[in-house]
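Quick one: structure below, then a few questions.
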Amino acid sequence: MLQDLNLKEFLEKTASKSPVPGGGSVAALSASLSASLIEMVGNLTIGKKGYEDVEDEMKEIVSICSKYREKFVNDIDRDSDAFNKVMAAFKLPKDTEEEKAARKEAIQESFKTAALVPLEVAEDAFKLLEFAAKVVEKGNKNAVTDGAVAAMIARTAVLSALYNVKINLGSIKDEEFVSKVLKQVESLESQVNNIEKEILSKVKL
């Protein structure tokens, strides 16, 4: 599994001729890094003098982001698996009309999955911005830039994942499905940049 590779191995595999891991998996990895940084700021706040009033909130943030981090790590492989299923669908036999119909349906279903996996990553990465904002505003001031980096990486993860959604939508014939997903994509795109800017505006150096 991709998530079991060490960092150097993952980077080398990404750089290779293999189409996986690709942008979707890297978006999930980025989201996991954002979650990790949010956790770090929270952990650097817990137990520190002067932050007693926010300790319980920081503990909750750490707990939530820990779960997100684990999910994003799994999403690295989920995204690559979804791509592999698209490729497998294209290799299905097409000698008879029945085989052609089954192949066509399998291709369409695999493209839907390949769109929905990064959409889920984008939605979850978007939620990280709320926690990044809290650690920037209330967390240990010595780690405020780490919270800012978490926000920037979360934004990048959202937009990166959404690119992977959109490229797969281009191959889907189900207009209702495409329309519904595009609305979700546009909603996230319209919000994420402004939220990041708002968070960064609170970083005082």
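The values are calculated or read from the model by the stated rules, or taken from the named source; none is laboratory data. Predicted, not measured: the structure shown is a model, and the values here were computed from it. FYI the Cβ positions are ideal-geometry reconstructions off the backbone, even for glycines, and counts take in every protein chain you see. What goes into the accessible areas is simple: the full protein's heavy atoms, side chains included, and nothing from ligands, DNA or RNA. Shrake-Rupley method; radii C 1.70, N 1.55, O 1.52, S 1.80 Å.
Quick one: which residue in 173, 197 is open to solvent by 30 Å² or more (accessible area, probe 1.4 Å) and not in a helix (DSSP H, G or I)?
Only one candidate qualifies: 173.
Considering only residues of the range 44-70 that are open to solvent by 60 Å² or more (accessible area, probe 1.4 Å) and closer than 30 Å to residue 167 by Cα, which is farthest from the chain's Cα centre (by Cα)?
67
Here is a follow-up. Sort out which residues of the range 67-110 are closer than 30 Å to residue 34 by Cα, in contact with a Phe, Trp or Tyr (Cβ under 9 Å, 6 or more places away or on another chain) and not small (Gly, Ala, Ser), and write them in order of number.
68, 76, 86
Please state which one of 110, 32 is in contact (Cβ under 8 Å) with a residue 12 or more places away in the chain, under 24 Å from residue 125 (Cα atoms) and within 13 Å of the chain's Cα centre (by Cα).
On the way: 110 fails: within 13 Å of the chain's Cα centre (by Cα).
Only one candidate passes the filter, namely 32.
From 127, 104, 112, 85, which residue is part of a helix (DSSP H, G or I), out of contact with any His (no Cβ under 8 Å at 6 or more places or on another chain) and within 30 Å of residue 204 (Cβ to Cβ)? I'd like the intermediate steps shown before the answer.
Values: 104 fails: within 30 Å of residue 204 (Cβ to Cβ); 112 fails: within 30 Å of residue 204 (Cβ to Cβ); 85 fails: within 30 Å of residue 204 (Cβ to Cβ).
After applying the criteria, what remains is 127.
Name the single residue, out of those in the range 15-50 being in a loop (DSSP other than H, G, I, E, B) and among the hydrophobic types (A, V, I, L, M, F, W, C), that is modelled with the highest pLDDT.
Step one: of the range 15-50, the residues in a loop (DSSP other than H, G, I, E, B) are 16-22, 46-50.
In the following step, the residues that additionally are among the hydrophobic types (A, V, I, L, M, F, W, C) were identified as 20, 46.
Details: 20: 89, 46: 98.
It comes out as 46.
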